[in-house]
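Notes follow once the structure below has been shown.
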Amino acid sequence: MSGNREIIDVADGDALAKTAAERLLARITPGGERPAIALTGGSSPEGLYRLLAQEPYRSRIPWQRVHWFIGDDRFVPPDDPLSNMGMARRLFLDRVNAPAANVHPVPTTAATPQAAARLYESDLQRFYGSERLDPARPLFDLVLMGLGPDGHTASLFPGAPALEEKERWVVGVDKAHVAPFVPRVTLTFPALASTREMLFLVSGEDKRDILARVLAGEDLPAARAHCEGKLVWLVDRAALPRRSAA
Ligand code: 6PG
């Protein structure tokens, strides 16, 4: 695990959402002309997404400038309840009328997860203006991440070949390791790492054991996540491993 890691513990899910919203704002207000954020799926970011559609965040976010990507998605139709970008749209992007051109979903209407991954990679490369990632010029301003019960993050599952990917920015994943058992499309570690900040959101008691293993450096996907910028684990008290509790 990289040395730029910081763990921030907060009281509960509400405080987690608020702290994440403040960090998001801090990353985009001074950002360049087109700040880029990679969202995450799962239940952990729901509170944050709801908050972004409410004041004061709604008025403080420069919606015309910010571009929204997704770190991974389920290979389901865009309006399927399982869609990660669909969830982000319902909870905030549609509510604030984010410009359509600023929202970058994985094209899950493609024939296969692999084809969708190629198309998404092209979208990211077009946005970035190059097919090569330059460590001095991160792709994202903020990448949000979650922690799965098996230690996965994005759709990078334990033992999967995608964990070793060094060239591709996005890959298709035919089999998920945990529910929902639908194919996925996921950014790879090198693409996720190209960010000024990577922010893990971890909440609830059922995350405590797996978080303890990740923080102890066990070889789990989430423990392999790294980034060019700051790596922050935002954790609520219920999820905080006991021995690291203050
Ligand atoms: C997904 C996610 C996944 C998620 C973790 C945590 O598509 O399921 O992107 O990586 O972030 O599984 O999920 P919870 O927040 O629901 O615990």
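The values are calculated or read from the model by the stated rules, or taken from the named source; none is laboratory data. In this text the structure is predicted, and so the values were computed from the model without any measurement. Cβ placement follows ideal geometry from the backbone for every residue including glycine, while neighbour counts extend to all protein chains displayed. Surface accessibility is based on the protein's heavy atoms, side chains included, excluding ligands, DNA and RNA. Shrake-Rupley method; radii C 1.70, N 1.55, O 1.52, S 1.80 Å.
By a straight-distance test (C-alpha under 14 Å), which aspartates and glutamates pair with Lys18 as possible cross-link partners, with residues fewer than eight away in the same chain excluded?
Partners within reach: Asp9, Glu46, Glu55, Asp236.
Once the Cα gyration tensor of the stretch 125-189 is found, what semi-axes does its equivalent ellipsoid get, as square roots of 5 times the eigenvalues, in whole Å, sorted largest first?
Rounded to whole Å, the semi-axes are 24, 13, 11.
Can you tell me the accessible area per residue over the chain, all protein chains present, probe 1.4 angstrom, in square angstrom?
43
Please work out whether the stretch 80-209 counts as rounded, prolate or oblate from its C-alpha gyration tensor, where a ≥ b ≥ c are the square roots of the eigenvalues and a/c under 1.5 means rounded, while otherwise a/b larger than b/c means prolate and anything else oblate? It would help to have the intermediate numbers written out before the result.
Details: a/c = 1.25, a/b = 1.12, b/c = 1.11.
It is rounded, given that a/c, with a ≥ b ≥ c, falls under 1.5.
Roughly how many percent of the accessible protein surface of the stretch 33-101 is carbon and sulfur, given a 1.4 Å probe and a whole-percent answer?
That fraction is 49 percent.
Looking at the stretch 135-246 from every direction and averaging, what is the projected area of its Cα convex hull in nm²?
Computing the convex hull of the Cα atoms and averaging its projections yields 7.1 nm².
Before rounding to the nearest 500, sum -39500 (n - 2.57) across all DSSP H runs of length at least 4 in the chain and divide by the residue total; then give [θ] at 222 nm in deg cm²/dmol.
-7000 deg cm²/dmol
Tell me, what ³J(HN,Hα) does each residue in the stretch 191-198 have, in order and in whole Hz, if you take phi through Karplus 6.51 cos²θ - 1.76 cosθ + 1.60 with θ = phi - 60° and put x for Gly and Pro?
6, 5, 6, 7, 8, 6, 8, 10
For labels at Asp206 and Ala15 in the simple 7 Å Cα→Cβ model, what's the distance in nm?
Output for this residue pair reads 2.3 nm.
Could you work out how much longer the chain between Ser122 and Arg50 gets when fully extended? Use 0.36 nm per residue separation minus the Cα distance between them, nm to one decimal.
22.9 nm
Just want the answer: with Cβ charges of +1 for Lys and Arg and -1 for Asp and Glu, which residue in Ala100, Ala53, Met87 is farthest toward the dipole's positive end in the stretch 1-146?
Ala100
Ignoring ligands, DNA and RNA, what percent of the 1.4 Å accessible area of the stretch 102-246 is carbon and sulfur?
The C+S portion of the solvent-accessible surface of the stretch 102-246 is 51 percent.
Enumerate the amide H contacts of Val173 below 5 Å, restricted to partners 5 or more residues apart or on another chain; note that Pro and chain-start residues carry no placed amide H.
Arg184, Val185, Thr186
Using amide H atoms built 1.01 Å from N in the peptide plane, name the residues 5+ places from Asp12, or on other chains, whose amide H lies under 5 Å from its own.
Counting only residues 5 or more places away or on other chains, the set is Arg237.
Okay, which of the stretch 1-45 sit inside 20 Å, backbone N to the point 7 Å along the Cα-Cβ direction of Glu218?
Hits in the stretch 1-45 for Glu218 at 20 Å: 1-2, 7.
Based on the alpha carbon coordinates of the chain, what radius of gyration and maximum Cα-Cα distance (Dmax) apply, in Å?
16.6, 50
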